[in-house]
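Enquirer: Here it is, the structure, as structure tokens.
The values are calculated or read from the model by the stated rules, or taken from the named source; none is laboratory data. Because the structure is a prediction, the values reported are computed rather than measured. Counting neighbours? That spans all protein chains shown, and the Cβs are built from the backbone with ideal geometry, glycine included.
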Amino acid sequence: MRLLSSLGIILICFVCGGATCSTRTAPMPFPPPPVVLNEEASLEQIASVVNRSQGIRQLSTNSATVKMLSMPSLPKLNATMHLEREKNFRLRASLPIVMGAGMDLGSNDEVFWFEVPEGVSKTLYYARHDQYRQQLERAILPVDPSWIMGALGLVQIDPNTVDAGPVKRPDGRYEISSMVSMPNGIYHRIYFIDPQAGHVTDQYLYSPTGHLVAESHASQHAYYEQFQCSLPHVVQVKLTPNVGPPLEMKIEVGSYAINQLLVNDPAVFVIPTSASNVVDLTTVAAGSSTPQPLPTGAVNYSAQGTSGYPLRGKLR
């Protein structure tokens, strides 16, 4: 399916920003974050430490690289990112070997989109967040940009939604299960948390039917003293669409600008209007052979140190 093939390239940009052809430096190892959790920490203590990232309202970088692990023949992308809570996100990217063939991915409070070149023209795929949430069981993508933002370290844990944990895993990390209410049922989000630094290292999202639809693995955390929290500089993300193979990517970030955006554009989070072809993703069901043009006008999960769900292991 052409749309899914395009998504394979586009999704590498869902977590990064506009690419250039300059060389990026891979993140260097950072000093270990300080110990902020005591032995046998409570749920409230863990959530309090994880939620310190709430003080980060904006995140921006021009020193990222992205590698599509599920498409090893594609070159690594140099990238920039602009991110603003809760749903503002924007990138512009281009493959180094195809100058000018740029991709544009973004999100705001109402809509998310991605724009890609197709031949001599461009096609804009988009969907309203509220409408897309209503059809997740048949949607092309299993998650919206908010999952990616959490994978980048801006995750929040609401103790009121936790239905299992914390428990200590054999590797020493804490494991917590949290319920996520969606129109098609209750999803479960599983967190693995560093037992000393208190940051989230791994996340798994399960659908109401128990299928693993998204996962992320974070490493190379750097501690930002002003916010008393850590952010990962290496993140691997794997999405499992309803049809087609999984989409797997690795993002490396050299440095972040926090609570400022490295762009001076008042329309940075505005959907573009230059594409000659426009497709509403809510009209495209998973398994459709071609996209249609835009018309005018509860899992019983128990965290027991080893997940009750068939976790698929670490990404390579």
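Enquirer: Modelled with pLDDT under 90, exposed (fewer than 13 other Cβ atoms within 10 Å of the Cβ) and small (Gly, Ala, Ser): which single residue out of Ser6, Ser22, Ser70, Ser42 fits that description?
Expert: On the way: Ser6 fails: exposed (fewer than 13 other Cβ atoms within 10 Å of the Cβ); Ser70 fails: exposed (fewer than 13 other Cβ atoms within 10 Å of the Cβ); Ser42 fails: modelled with pLDDT under 90.
After ruling out the rest, the residue left standing is Ser22.
Enquirer: Could you look through the range 159-178, keep only residues that are in contact with a Ser or Thr (Cβ under 6 Å, 6 or more places away or on another chain) and crowded, with 18+ Cβ neighbours inside 10 Å, and pick out the one that is modelled with the lowest pLDDT? Full working, then the answer.
Expert: Filtering the range 159-178 down to residues in contact with a Ser or Thr (Cβ under 6 Å, 6 or more places away or on another chain) leaves 161-165, 178.
Add one more test, that the residue is crowded, with 18+ Cβ neighbours inside 10 Å, and what stays is 162, 164-165, 178.
On the way: Val162: 94, Ala164: 91, Gly165: 84, Ser178: 93.
Among residues in the range 159-178 that are in contact with a Ser or Thr (Cβ under 6 Å, 6 or more places away or on another chain) and crowded, with 18+ Cβ neighbours inside 10 Å, the one modelled with the lowest pLDDT is Gly165.
Enquirer: Condition check: in contact with a Cys (Cβ under 8 Å, 6 or more places away or on another chain), within 25 Å of Phe114 (Cβ to Cβ) and surrounded by 20 or more Cβ atoms within 10 Å (Cβ to Cβ). Does Ile251 satisfy that? Steps first, answer last, please.
Expert: Numbers: in contact with a Cys (Cβ under 8 Å, 6 or more places away or on another chain): yes; within 25 Å of Phe114 (Cβ to Cβ): yes; surrounded by 20 or more Cβ atoms within 10 Å (Cβ to Cβ): yes.
So Ile251 passes the test.
Enquirer: Determine, yes or no, whether Asn51 is surrounded by fewer than 21 Cβ atoms within 10 Å (Cβ to Cβ) and either farther than 23 Å from Gly198 by Cα or of a type in the set (S, T, N, Q) (or both). Walk me through how you get there before you give the answer.
Expert: Values: surrounded by fewer than 21 Cβ atoms within 10 Å (Cβ to Cβ): yes; either farther than 23 Å from Gly198 by Cα or of a type in the set (S, T, N, Q) (or both): yes.
So Asn51 fits the description; yes.
Enquirer: Enumerate the pairs (first residue in the range 266-277 and closer than 17 Å to Leu59 by Cα; second residue anywhere and surrounded by 10 or more Cβ atoms within 10 Å (Cβ to Cβ) and among the charged types (D, E, K, R)) with beta-carbon separation below 9 Å, excluding pairs fewer than 6 apart on the same chain, so at least 6 apart or on different chains.
Expert: Filtered contacts from the range 266-277: Val268/Glu84; Val268/Arg90; Phe269/Glu84; Phe269/Lys87; Phe269/Arg90.
Enquirer: Please verify whether the range 280-297 includes one or more residues that are under 29 Å from Ser207 (Cα atoms), touching a Phe, Trp or Tyr at 6+ places or on another chain (Cβ under 7 Å), modelled with pLDDT of 80 or more and in a strand (DSSP E or B). Before you say what the answer is, go through the steps one by one.
Expert: So the first thing to find is which residues in the range 280-297 are under 29 Å from Ser207 (Cα atoms), and the list is 280-294.
Filter once more, keeping what is touching a Phe, Trp or Tyr at 6+ places or on another chain (Cβ under 7 Å): 280-282.
When the remaining residues are screened for being modelled with pLDDT of 80 or more, the result is 280-282.
Keeping just the survivors that are in a strand (DSSP E or B) gives 280.
Yes, the conditions are met somewhere in the range 280-297.
Enquirer: I need the full set of residues from the range 127-136 which are at pLDDT below 85 and either touching an Asp or Glu at 6+ places or on another chain (Cβ under 8 Å) or not polar (S, T, N, Q) (or both), in order please. Let's see the steps before the verdict.
Expert: Let us first name the residues in the range 127-136 that are at pLDDT below 85, namely 132-136.
Scanning the range 127-136 gives Tyr132, Arg133, Leu136.
This table checks each residue for (1) touching a Leu at 6+ places or on another chain (Cβ under 8 Å); (2) farther than 16 Å from Asp144 by Cβ.
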{"residue": "Ile186", "(1), (2)": "no, yes"}
{"residue": "Tyr191", "(1), (2)": "no, yes"}
{"residue": "Ala197", "(1), (2)": "yes, yes"}
{"residue": "Tyr223", "(1), (2)": "no, yes"}
{"residue": "Leu231", "(1), (2)": "yes, yes"}
{"residue": "Gln236", "(1), (2)": "yes, yes"}
{"residue": "Pro245", "(1), (2)": "no, yes"}
{"residue": "Phe269", "(1), (2)": "no, no"}
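Enquirer: Looking at the range 165-193, I want the residues that are closer than 22 Å to Gln131 by Cα and have a partner that is of a type in the set (Asp, Glu) with Cβ atoms under 7 Å, at least 6 apart or on another chain. Which pairs are those?
Expert: Met179/Asp163; Asn184/Glu137
Enquirer: What number of residues within the range 91-126 satisfy the criterion of being in a strand (DSSP E or B), at pLDDT below 70 and touching a Cys at 6+ places or on another chain (Cβ under 7 Å)? Please lay out each step first, then the result.
Expert: Here is the first cut: in the range 91-126, the residues in a strand (DSSP E or B) are 91-94, 102-107, 111-118, 121-126.
Now restrict to residues that are at pLDDT below 70: 93-94, 102-103.
Cutting the leftovers down to touching a Cys at 6+ places or on another chain (Cβ under 7 Å) gives us 93, 103.
Total meeting the criteria: 2.
Enquirer: Only residues that are over 16 Å from Leu37 (Cα atoms) and assigned to a loop (DSSP other than H, G, I, E, B): list them for the range 142-170, please. Even if it seems obvious, please write down each step before you answer.
Expert: Restricting attention to the range 142-170, the residues satisfying the condition of being over 16 Å from Leu37 (Cα atoms) are 142-156, 158-164, 170.
Hits for the range 142-170 are Pro142, Val143, Asp144, Val155, Gln156, Asp158, Pro170.
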